[in-house]
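Each reported figure results from applying straightforward, stated rules to the coordinates on display, with no laboratory input. Treat the numbers as computed from the prediction; the structure is a model and nothing was measured. Reconstructed Cβ throughout: ideal geometry from the backbone, glycine too, with neighbour counts over all protein chains shown.
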Amino acid sequence: QVQLVESGGGLVQAGGSLRLSCAASGRTFSSYAMGWFRQAPGKEREFVGAISWGAGSTYYPDSVKGRFTISRDNAKNTVYLQMNALKPDDTAVYYCAAGISFPRWRDTAYTYWGQGTQVTVSS
């Protein structure tokens, strides 16, 4: 069992940066790949990025590639999402998730989910 708690969301101007954190409980955190997803009002949940259990591989969709970076610290049971050059279209609730399945971009690959943190980017 893994419990996930996101933090770090807030209001930022376009072009600004935010770093989201996702703290995990449970001894098996390092066994899971971690993903970040987001969901804006009226839209489907969207894949934002993922990182393998050992942090050897990261995955990003074209919409955030070059702007967002995922990292993890298994000693702290925490995964991070560094978001730079934010745009109003990045406004959404951001969720972290833990899973062991593939493909990493599909939400069904993840078993555990956090409650989400709101990110609002003003123009």
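Quick notes
- Of all aspartates and glutamates in the structure, the ones whose alpha carbon falls short of 19 Å from that of LYS43, not counting any fewer than 8 places away in one chain, are ASP62, ASP89, ASP90, ASP107.
- HN-Hα J in Hz across the stretch 49-58 - Karplus 6.51, -1.76, 1.60, θ = phi - 60°, x for Gly and Pro: x, 8, 9, 5, 4, x, 6, x, 9, 10
- Averaging the sequence gap over all C-alpha pairs within less than 8 Å and six or more residues apart, then dividing by the number of residues, gives the chain a relative contact order of 35 percent.
- Overall form of the chain per C-alpha gyration tensor (a/c, 1.5; a/b vs b/c): prolate
- Projecting the Cα atoms of SER7, VAL64, VAL79 onto the charge dipole of the chain, computed from C-beta unit charges around the Cα centre, puts VAL79 farthest toward the positive end.
- Backbone HN-Hα couplings from phi across the stretch 102-114 [Karplus 6.51/-1.76/1.60, Hz, Gly and Pro as x]: 10, x, 5, 7, 9, 5, 6, 6, 10, 9, 10, 9, x
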